[in-house]
Amino acid sequence: MYSLTTMKIDPWSSVTYQDYTRLRDEFGIQEFTDDLWKDLPHPHRLLRRGVVFGHRGFEMIHEAILHQKPWAILTGLMPSGRMHLGHKMVIDEVIYYQSIGADIFIAVADIEAFATRGLTLEETMDLAVKEYILNYIALGLKPDRCHIYFQSKNQDVKDLAFLLGRRVNWSQMVATYGFEGTTNMAHIFSPLVQTGDILHVQLEKFGGIRPTLVPVGVDQDPHIRLSRDIAQAHRLYNVIVTKDTKIGVFVKVDENVDALLDNAEKILKKLQFSDLRRITDYKAIYINNAKESDIPHVDEALARSEPRFGGYGFLQPSSTYHRFITGLTGDKMSSSKPESAIFLTDTPQEARKKIMNAKTGGATTLEEQKKFGGKPDECMVYEMWLYHLVEDDTDLKQIFESCKKGELMCGACKKRAAEETEKLLIELQERRKAAVGKMKEYLK
Ligand code: TRP
Ligand code: SF4
């Protein structure tokens with residue numbers, strides 16, 4: 001269990017989080033440091049630019065990528081309104097990860113939308129297809145090793161949600177989500193469905209036990225913690241550093257203890273650990289010649305053997321968290337405030353108007369701006385450049401610096417940003433037309 005803190009992340013509220021560093025520290029999210037992405041193949045701009053600011057367990061993904069081992073992405077979308085540029089970020093990341101070898105799974109959270117937003121399953125289906133899936137394909141998601149599914153239609157996910165629920169109790173749900181006596185039961189169950197989404201990709205039928213990355217906004221962290229806890233709670237083995245700084249493998253269950261210890265011994269020997277001490281009464285094997293850095297490998301090898309003993313062997317899912325793009329009005333980018341958001345189905349004229357009206361970091365007069373420069377880090381137009389409109393880091397830097405020096409004026413800058421946005425939207429429009437006929441290849 002994790003400790004209760006003064007802050008609570010509520011995945012269903014509409015607040016935006018400003019202080020990402022504090023959030024990270026408060027919830028024990030790890031910093032997404034350079035060494036985690038620098039040596040990946042052509043790292044994505046959202047990784048390079050610090051938009052992805054935190055993670056849990058990304059080391060496992062990093063290692064899988066570098067050693068070309070199988071791994072999977074699972075993410076989800078709740079189709080409760082039109083798709084805007086904020087929603088585009090996750091799929092940009094997914095498409096990048098697909099290009100470097102991940103199996104892709106995308107959950108359409110129709111059960112969650114039904115439970116928490118009061119939409120019918122039919123309404124959700126319609127929104128998901130027209131707004132999200134078409135755009136995903138238009139943005140470049142490929143059909144190979146890619147599965148998009150609806151929660152309400154996926155029996156394996158729903159079964160898992162129910163079965164995994166045995167290892168979570170009401171107190172934990174209240175502490176995590178602040179549920180109350182008046183919260184409806186479908187809502188209460190929906191985090192378990194999300195856990196089902198996240199963990200089902202490790203079932204044999206879906207590719208088996210392997211590292212899984214869940215790229216999300218930080219509002220989803222409670223679900224990630226729940227899924228990681230539940231995965232760990234279902235393991236048959238536990239690998240830890242003991243008090244006398246040895247590495248110990250412990251059997252966590254009371255059935256098949258001997259067979260599980262035999263199995264662990266065999267696996268450890270295969271991994272070249274020869275100096276083992278087995279204490280059956282403690283349900284333990286101590287490895288004398290192992291280091292702490294060996295733990296992940298040992299743990300993974302043991303996990304893979306657990307299905308033979310009736311376990312799931314789920315590896316704890318990893319996650320990354322990205323900052324939210326600010327709305328053009330200066331507060332949250334939200335489907336319910338059309339002037340704050342650029343929708344992927346906006347006409348070029350609509351988008352241009354919103355950008356020309358956007359809140360910038362410019363000074364009050366042209367004169368002042370020439371003298372003191374603008375403030376790109378408080379500018380919604382600069383965020384557009386950073387998140388969506390410029391690929392080349394040198395070009396981005398150029399915008400940043402010329403703004404700061406007072407060489408670039410907001411009018412010209414907005415005009416260019418509007419032009420780039422129009423180009424993007426027009427191209428998407430075309431590609432959506434081509435995507436209509438391809439839909440089936442993804443929904444298999
Ligand atoms: N809860 C997510 C949202 O509100 C949607 C979602 C459902 C999801 N299942 C998921 C996200 C699994 C990540 C992984 O947007
Ligand atoms: Fe923002 Fe561009 Fe104005 Fe700088 S010049 S404050 S980046 S709009």
Could you size up the charge dipole of the chain around its Cα centre, putting +1 on the beta carbon of Lys and Arg and -1 on that of Asp and Glu, and report it in debye to the nearest 20? 380 debye
With every protein chain present, what is the per residue accessible area of the chain (1.4 Å probe, Å²)? 47 Å²
For K423, list the aspartates and glutamates whose Cα falls under 16 Å from its own Cα; do not include residues on the same chain fewer than 8 positions away. D346, E350, E391
For the pairs K359/K414; K246/K270; K130/K444; K130/K153; K88/K375, flag any whose C-alpha to C-alpha distance is greater than 21 Å. K88/K375
How much of the accessible area of the stretch 233-351, in percent, comes from carbon and sulfur atoms when a 1.4 Å probe is used? 50 percent
Quote the charge dipole size of the stretch 242-308 about the Cα centre in Debye, to the nearest 20; the model charges only the Cβ of Lys and Arg (+1) and of Asp and Glu (-1). 180 debye
Any idea of M60's accessible area? Nearest 10 Å², probe 1.4 Å. 50 Å²
Could you tell me what percent of the DSSP beta bridges with both partners in the chain are antiparallel, to the nearest 5? 55 percent
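Ranked highest first by average number of other Cβ atoms within 10 Å, how do 72-78, 21-27, 177-183, 108-114 line up?
Highest-to-lowest ranking by the protection proxy: 108-114, 72-78, 21-27, 177-183.
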What percentage of the solvent-accessible surface of the stretch 99-209, computed with a 1.4 Å probe over protein heavy atoms, is contributed by carbon and sulfur atoms? 57 percent
W37 - accessible surface, heavy atoms, 1.4 Å probe, Å² rounded to 10: 20 Å²
Taking a 1.4 Å probe, which of K397, K88 shows the most accessible area, and what order do the others take after it? K397, K88
Probe 1.4 Å, all chains present, heavy atoms only: S336 accessible area in Å², nearest 10, is 100 Å²
Please name which of A128, F250, A363 has its Cα lying farthest along the dipole of the chain towards the positive end, using unit charges on Cβ (Lys, Arg +1; Asp, Glu -1) and the Cα centre as origin. A128
Positive-end residue of I342, Q232, L276, charge dipole of the chain with Cβ unit charges: I342
Hydrophobic long helices for the chain, i.e. whole DSSP H runs reaching 30 angstrom or more by Cα along the axis with Kyte-Doolittle mean at least -1.0, come out as 410-435
What does the net charge come to around K397 if you take all other residues with beta carbon closer than 14 Å to its beta carbon, with K and R at +1 and D and E at -1? -2
Neighbour net charge for L141 - beta-carbon separation under 12 angstrom, K R +1, D E -1: +1
Net charge around S13, counting only other residues with Cβ within less than 15 Å of its Cβ (Lys, Arg = +1; Asp, Glu = -1)? -3
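Where the accessible area of the stretch 23-63 is counted over protein heavy atoms with a 1.4 Å probe, how much of it, in %, is carbon and sulfur?
46 percent
Let me know the charge dipole size of the stretch 181-336 about its Cα centre in debye, to the nearest 20, where only the beta-carbon of Lys, Arg (+1) and Asp, Glu (-1) is charged. Could you put the intermediate results ahead of the total?
Working: 19 positive and 19 negative charges, 52 e Å.
Here the size comes out at about 240 debye.
The values are calculated or read from the model by the stated rules, or taken from the named source; none is laboratory data. Everything numeric in this text was worked out from a predicted model, so none of it was measured. Because the Cβ atoms are built from the backbone with ideal geometry, glycine has one as well, and the counts that use them run over all protein chains shown. The area values use the complete protein model at the heavy-atom level, side chains included, leaving out ligands, DNA and RNA. Shrake-Rupley method; radii C 1.70, N 1.55, O 1.52, S 1.80 Å.
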